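Peer 1: Input: one structure, supplied below.
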Amino acid sequence: MVRLIRLVRHLLTPAWWARRCLSSSDLAAIEQAVAASERRHRGELRVTIEGPLPLGALLAGVTTRARALDWFARLRVWDTEENNGVLIYLQLVDRCCEIVVDRGIARVTSEEEWTKICAKVQAHCARRCYREGLLAVIEACTEAIARHFPADGENANELPDRPLVS
């Protein structure tokens, strides 16, 4: 029954809806937060916001976590010099956040830490406060990454700071 409800919610949500959930000023604020974050550490953040899932993914029962892993690979977040890329994935229809970290960060942090950070955005999503939720998650990720990969002078920007909305 839960799977059927999820299928219907995604099918009834128009593709353009995700682009309406965040204004251009919201996206600019998120982009600026990512850029400011990356000045405090050597990690690379990538934010992806997705509306309804494609029908094939729904029929296959793709979970939010699996979808986040797919975006992590597609966007090549793993392809950073120090293996310290982080994907913040927000699934708007499911109101769920997933954080996928590359192996360099996974070695020094716990999955529990990232799960707690995800819970921050989900509370905001329940109130449809996506901008505030994403900004809170970016700040929490910044703190976690900076503990293990502090900035050390020159830090190349290896991934786009602008959030991807699809």
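Since every read-out is calculated from the coordinates, none of them should be taken as a lab result. The structure displayed is predicted, hence computed values, not measured ones. For neighbour counting, all protein chains shown are included, and Cβ atoms are generated from backbone atoms with ideal geometry for every residue, glycine included.
Peer 1: Between V47 and residues 5 or more places away or on another chain, which pairs have amide H atoms under 5 Å apart, with H built 1.01 Å from N, and which residues are they?
Peer 2: For V47, whose amide H was placed from the backbone, the distant partners under 5 Å are I88, L164.
Peer 1: Hey, fewest Cβ within 10 Å first, where do S25, S166 land in order?
Peer 2: S25, S166
Peer 1: If I take R0 = 30 Å and measure r between the Cβ atoms of M1 and E111 in this structure, what FRET efficiency does the formula 1/(1 + (r/R0)^6) give, to the nearest 0.05?
Peer 2: 0.55
Peer 1: Using a Förster distance of 30 angstrom, determine the FRET efficiency expected from the C-beta separation of R19 and R40, and round it to 0.05.
Peer 2: 0.55
Peer 1: Cα centroids of the range 35-58 and the range 75-143: how far apart, whole angstrom?
Peer 2: 8
Peer 1: Regarding the range 41-120, what are the three Cα extents along the principal axes, ordered largest first, in Å?
Peer 2: Extents along the principal axes: 37, 25, 17 Å.
Peer 1: Could you work out the per residue convex hull volume over the alpha carbons of the range 27-166, in cubic angstrom?
Peer 2: Considering the Cα atoms of the range 27-166, their hull volume per residue is 96 Å³.
Peer 1: List the trypsin sites (Lys or Arg not before Pro) in the range 10-96 that DSSP assigns to loop (not H, G, I, E or B) and whose Cβ has at most 12 other Cβ atoms within 10 Å. Which are they? All intermediate terms of the calculation are to be shown ahead of the outcome.
Peer 2: Details: sites: R19, R20, R39, R40, R42, R46, R65, R67, R74, R76, R95; in loops: R39, R40, R42, R76, R95.
Here the trypsin sites (Lys or Arg not before Pro) that fit, given the DSSP loop and packing criteria, are R39, R76.
Peer 1: Let me ask something else about it. Per-residue ellipticity at 222 nm for the chain, helices alone: DSSP H runs ≥ 4 residues times -39500 (n - 2.57), over residue total, nearest 500 deg cm²/dmol?
Peer 2: -15500 deg cm²/dmol
Peer 1: How do 139-146, 96-103 rank on mean C-beta neighbours within 10 Å, highest first?
Peer 2: In descending order of packing, they fall as 96-103, 139-146.
Peer 1: Still on this structure: Work out, step by step, the length gained on full extension between R9 and A126: first 0.36 nm times the residue separation, then minus their alpha carbon distance; give nm to one decimal.
Peer 2: Separation in residues times 0.36 nm, less the Cα-Cα distance, equals 40.6 nm.
Peer 1: Where Lys and Arg each count +1 and Asp and Glu each count -1, what net charge lies around E143 among other residues with Cβ under 13 Å from its Cβ?
Peer 2: My count for the surroundings of E143 gives +2.
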